[in-house]
1. Does the range 42-125 come out rounded, prolate or oblate, given a ≥ b ≥ c as the square roots of the eigenvalues of its C-alpha gyration tensor, rounded meaning a/c under 1.5 and, failing that, prolate meaning a/b above b/c?
2. Filter 34/108; 34/273; 173/217; 217/273; 132/217 down to the pairs with a C-alpha to C-alpha distance above 21 Å, please.
3. Return one number: the angle in degrees, 0 to 90 and rounded to the nearest 10, between the long axis of the Cα atoms of helix 57-69 and the longest principal axis of the Cα atoms of the chain.
4. Angle, helix 276-288 long axis vs. longest principal axis of the chain, Cα atoms, 0 to 90°, nearest 10?
5. Which value in nm describes the separation of the simple spin-label points at residue 272 and residue 66, placed 7 Å from the Cα toward the beta carbon?
6. If I take R0 = 25 Å and measure r between the Cβ atoms of residue 206 and residue 179 in this structure, what FRET efficiency does the formula 1/(1 + (r/R0)^6) give, to the nearest 0.05?
7. If r is the Cβ-Cβ distance from residue 107 to residue 229 and R0 is 22 Å, what FRET efficiency results, to the nearest 0.05?
8. Extension gain residue 292-residue 122, at 0.36 nm per residue separation less the Cα-Cα distance, in nm?
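Rule-based calculations on the coordinates, nothing more; no lab input. Worth saying up front: this structure is predicted, and the values here are computed from it rather than measured. Neighbour counts run over all protein chains shown; Cβ positions are idealised from the backbone, glycine included.
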Amino acid sequence: MVSRTPITVLALGGNAILQRNQKGTFEEQYENVKSTTTQIATLVNDGFRIVIVHGNGPQIGATVIRHEMGQTKVPPLPLHACGAETQGFLGYIIQQSLRDELARRGSKRAVATIITQVIVDESDPAFKHPSKPIGPFYTKEQRDTLLRDRSDLVVEEDSGRGYRRFVPSPDPKEVVEGEAIRVLVENESVVIACGGGGIPVIRQRTRLQGVEAVIDKDLAAERLATSIHAESLVILTDVDGVYLDYGKTDQRLLSNISPSELETYAQKGYFAKGSMGPKVEAAIRFLRNGGKRAVIANLGDLGGAIKGSAGTQVRN
Ligand code: ADP
Ligand code: MG
């Protein structure tokens, strides 16, 4: 039986998997995910149809280091394949702990991870301006050696902390597995998809080709939410919502706001580029594309975010 309960896409911030002060052991990541899936299980039990999107910043950085350090023994894989690896292992952790939690509550809802590709445009200007630092820090000498072998890489100084590889962050256009995800969710499965923003691919004449880039997970979550006709897009992070004058003594939380009002603030430059900016952009796009509601809230306030009492609630 296909029910009519609303579909909600949850975009989990980095803090759902790894806290800023942690090293990144498997156990740490598992414990963090467990406290998040406990909250998600409550929603699933309440009848919500859920798709989970998660970030992968620290994880893909670590995977790239493993590939680079191991290259005297085994050939390193390209960045898009590293992205697929992180979708696999993070999906595994999330689906295992969510399934366990649902089983504990007597629920038989199925949970599955979909390795997800996201189409980007080959002529996206982002390819000319790599903006996302990833992977290990290098000294100047290491950088010069690296560039001798790989002149295609962009390795620049990262905020005075050393040299780092920068990759493009193109705009997501279409979720390749969108239809498969929609069918699973319609039929009440909980789906984990678009991990890390999805694996960036470009469309070549008859095939798809992975590219050396990373996609913002909030913008990818919007594309997915729109394509599966989700009612709500709920972006969970480590702040209580969207603030004006964030970090200043007079910062103000925006509680209820329309997309056009939010857009006006965005155009005035209130939201930082690599962090709150894409969340706000994702919320605005989702409503423009037919979504009913977007929420940006603290991960710990998931229940309130869904009920409408926490975070920044964006509606027309
Ligand atoms: P996530 O992993 O959830 O995507 P990000 O670090 O990318 O986390 O984004 C959340 C961060 O955005 C917050 O920790 C905060 O420091 C920052 N931020 C920047 N501008 C704002 C703003 N106007 N309001 C709230 N948070 C903001
Ligand atoms: Mg982010």
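1. oblate
2. 34/273
3. The angle comes out at about 30 degrees.
4. 50 degrees
5. 2.9 nm
6. Rounded to the nearest 0.05, the efficiency is 0.85.
7. It comes to 0.35.
8. 58.1 nm
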